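Structure first, commentary second.
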Amino acid sequence: MTIRRRLALSFFAILSLLGVNLIIYFWSDIKRKSTFEEMRSAISRQILISSVQQDLSDFQKQVTLLSQITADAGAGGGASPDDVAQFNSRLDLIASQLRQVRSQTPAAEAAKVDAFISAFTDLSASWRVFYQNLGRNQSKAITEVVMHAEPLGQQVTQQLLPELQRDERDLVSKASAHFYDAARFTGQVTVAIFVLSGLLAGLLAFVVSRHLTLGVRALKAGADSLGEGDLDSHIELPGRDELADLARAFNDMTGRLRLARLDLTRANVQLEERHHELQLLMEAAEAANQAKSQFLANMSHELRTPMNAIIGYSEMLMDEAQDMASQSALPEVEAVFVPELKKITAAGRHLLALINDILDLSKIEAGKMDLYLETFNVPEMVCDVACTIQPLVDKNENRLKIEVAPEITGMRADLTKVRQVLFNLLSNASKFTQKGTIELRVAPERDQSRDWIAFHVKDSGIGMTKEQAAHIFEAFTQADASTTRKYGGTGLGLTITRKFCELMGGRITVDSEPGRGTVFTVRLPLEVAADPQHAPAGDQARPMPEKALAAATILVIDDDPVIQDLMKSFLGKEGYHVVVAPGGEEGLAEAHRHRPDIITLDVAMPRMDGWTVLGALKADPTLADIPVIMLTMVDNKSMGYALGAADYIPKPLNRDRLAAVLAKYAKLRGRRPVLIVDDDPDTRAILKSALEKDGWTVDQAENGRVALCSARTAVPGLVLLDLMMPEMDGFTFLEEFRRLPDTKSTPVIVLTAKDLTPDERRRLAGSVARIVQKGANTEDLLTQIRDLVAQNITA
């Protein structure tokens, strides 16, 4: 018998047992319901008879009381028609209750109920006659009571009603006993049938499962043997069911596996040979990839270094020409040389941009492009981009419109790449639009999973067809050949833009019509997720630039409005950025918000005096290093210095004294020289000229060894360091430099034309303050130098 047939028979047997259980259940339920209904009916009759007894007792008392009234029949009017009707309705209610009792009484017990109803009917008629004549025919009413009502009442209440109540109590007892006997019997039958069904079902399950277990056990033993590699195992199962068929199929499979193992052995030998060949090819490909990466790094250095010299010398010559023109009053010198030098500078920057584009594209395709995530202010970033792009917009007489949604504040992404994306799109819009409008709209977006920021760049330029737009993001591709000839360009800007967007987890789309303009839409996550395989170590610690660092920020905490105005006016003229707080609590909040370079603090203030504020500032690790200058009428220097004040100036204020104290803490030009370490003499000359014009003292070194000797003689206040140098490169110099005394706090700015790998950035982490690409704007470099020196000056 097959397993399927066994299971079918077992299933039908269990269904039959289930049907028997259901039949017994329904039978017992009907039995219990019938006996319960009998008991409920008996109790209901008993309750109705008790109610009739109470009503009859009330009527008998009422009739007896009324019969004793001896008022003259002519003196009163008797009962009103309403009273008579109410009296009769109460008797009718009792009669209906008795009829209800009769309807619920079994036929065998109906005789006594009928006798009681007949006697009550006569009594009711006598009471009706009595009440009808009461007060009208008093004698007839009294006669009716004496002759008929009283005898009938005694028969009904004292004879018939007690007998009826006694019989009903007996019926209730019998019905209750019958109900409990039936419930007990049906429960026993149900349990017995259930137990019997369970035993039969268990027996069936045991028989079927035993057969299945023996077969499966045999199959498992064969499978275990096969798993251990024994292809000679054989399973013997009698019968013609599915398990026996499976055993025969298993035996056939082991036979085929024996043959396949022989073929696999031969194939493994061939695979090992191929694997060895592939491994050699992979090693060769990895070596080629490393060579390509090294070539890109060297190419970056070799191309950017002369570009840096070209740009730097042209800027120096422009400055010299302008100075010569102003000193010698020869404006023709500036008119002749400056425009040509600007062309040289522009050409150099353009060539540098092309080199950067090609190198960036190569790094992206090689998977070497990294993300440097930081949190930055979107409106400020958009404003910076707009200022940078404005000359290109004005060149073709275009108008730039910017709209940033008010709810947009900051985002976490790679600031440089976001700026580059917007700059590329706005540059394209400016190039392909003449006397039109260019719009940049920034708006938030949200889907089911995360928040996004959308940048929409719209122009009213020449536009594109759908076929042109489909290829616009391909490398070295523009709309068509005529566009390339007319407008120029390499066709890499949009390719790199799309790669940057995808690298940050975003996307870029284009919508354009010929003659009606183009709309580029960039959607980037509000918080770009770091890629653990590409994100360099320490990128979380890059600070957000919250303000321009060319001028120091001073927080003035004073409750006197006059002092506030004086400080804002005077310090503003001195070039400081001033933030005012009218009290101690506000001052602490502003200090956390702005992280000022210097704090001036009044002592006598309401709510929180200056001493309390000073203690709170010095107790906060994030604010403790900020110099605090006490401005007060109270001459208590010892307390101020004990609490951590940096200086102490009494009121009324002396402007010269205040300016001198502030200069001590916000001064940007160092007390120690700047050390330039670079093997390229042109780069050293350009940097030295720019720094000396800005008021710095400069030392130079052509390699790391010379720089170390100079640092041992006099520790510099700042180091500008190239990485790729002969004899001792920048990495080795840094390791040796940090071992020298008093160099831990010396800031180091790396000036390199080399594209740093993540490993190289991790190697520099903690040892340098900034990494600046060669060819950067000289003024930007000076700003960063001033910033670092200002951060590292101590009182």
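The values are calculated or read from the model by the stated rules, or taken from the named source; none is laboratory data. As the structure is a prediction and not an experimental result, all values here were calculated from the model. Here the Cβ is made from the backbone with ideal geometry for all residues, glycine too, and neighbour counts use every protein chain on show. The protein model used for the area step is the full one, side chains on, heavy atoms only, and it has no ligands, DNA or RNA in it. Shrake-Rupley method; radii C 1.70, N 1.55, O 1.52, S 1.80 Å.
Taken as a whole, the condition of being surrounded by 17 or more Cβ atoms within 10 Å (Cβ to Cβ), small (Gly, Ala, Ser) and at pLDDT below 90 applies to Gly493. Can Val562 be described as aliphatic (A, V, I, L, M), more than 24 Å from Ile408 (Cβ to Cβ), modelled with pLDDT of 90 or more and open to solvent by 20 Å² or more (accessible area, probe 1.4 Å)? So Val562 fails the test.
From the residues in region 585-598 that are open to solvent by less than 10 Å² (accessible area, probe 1.4 Å) and at pLDDT 90 or above, which one is farthest from Ala552 (Cα to Cα)? Selected residue: Gly587.
Residues that are in contact (Cβ under 8 Å) with a residue 12 or more places away in the chain and open to solvent by 30 Å² or more (accessible area, probe 1.4 Å) were ranked within region 147-159; the one that is nearest to the chain's Cα centre (by Cα) is Thr157. Against the test of being modelled with pLDDT under 85 and within 27 Å of Ile310 (Cβ to Cβ), the options Leu359, Leu371 yield a single qualifying residue, Leu359. If you go through region 99-130 and keep only what is in a helix (DSSP H, G or I) and open to solvent by less than 30 Å² (accessible area, probe 1.4 Å), you end up with Val101, Ala110, Val113, Phe116, Ala119, Phe120, Leu123, Ser124, Ser126, Trp127, Phe130.
Listed by first and then second residue, the pairs linking a residue in region 31-55 that is without any contact (Cβ under 8 Å) to a residue 60 or more places away in the chain to a residue that is open to solvent by less than 60 Å² (accessible area, probe 1.4 Å) and in a helix (DSSP H, G or I), with Cβ atoms under 7 Å apart and 6 or more places separating them unless they lie on different chains, are Leu48/Gln97; Leu48/Val101; Ser51/Gln97; Asp55/Ile94.
Scanning region 193-243 for residues being polar (S, T, N, Q) and in contact with a Phe, Trp or Tyr (Cβ under 9 Å, 6 or more places away or on another chain) gives a total of 1. Only residues that are within 22 Å of Arg5 (Cβ to Cβ) and of a type outside the set (Lys, Arg) were counted across region 236-274, and they come to 11. Within region 237-255, does at least one residue satisfy the condition of being open to solvent by 60 Å² or more (accessible area, probe 1.4 Å), at pLDDT 75 or above, over 55 Å from the mean Cα position of the chain (by Cα) and among the charged types (D, E, K, R)? Looking for residues that are open to solvent by 60 Å² or more (accessible area, probe 1.4 Å), at pLDDT 75 or above, over 55 Å from the mean Cα position of the chain (by Cα) and among the charged types (D, E, K, R), one finds at least one in region 237-255, hence yes.
Within region 600-619, restricting attention to residues that are touching a residue at least 12 places away in the same chain (Cβ under 8 Å) and under 38 Å from the mean Cα position of the chain (by Cα), the residue that is farthest from Asp558 (Cα to Cα) is Lys618. In summary, strands (runs of 3 or more DSSP E) completely within region 685-767 and bearing 2 or more residues that are open to solvent by 50 Å² or more (accessible area, probe 1.4 Å) and at pLDDT 80 or above occur at 698-701.
Residues being open to solvent by less than 50 Å² (accessible area, probe 1.4 Å), in contact with a Gly (Cβ under 6 Å, 6 or more places away or on another chain), farther than 30 Å from Ile24 by Cβ and aliphatic (A, V, I, L, M) are entirely absent from region 216-233. Take Ser233 and tell me if it is under 27 Å from Ser209 (Cβ atoms), assigned to a helix (DSSP H, G or I) and hydroxyl-bearing (Ser, Thr, Tyr). No. Condition test on Ser512, is it outside any strand (DSSP E or B) and either at pLDDT 80 or above or surrounded by fewer than 21 Cβ atoms within 10 Å (Cβ to Cβ) (or both)? In short, no.
Of the residues making up region 599-651, those that are at pLDDT below 75, part of a helix (DSSP H, G or I) and touching a strand residue (DSSP E or B) at 6+ places or on another chain (Cβ under 6 Å) number 2.
When Val113, Val63, Val101 are checked against the criterion of being in contact (Cβ under 8 Å) with a residue 12 or more places away in the chain, in contact with a Phe, Trp or Tyr (Cβ under 8 Å, 6 or more places away or on another chain) and aliphatic (A, V, I, L, M), a single residue qualifies: Val63.
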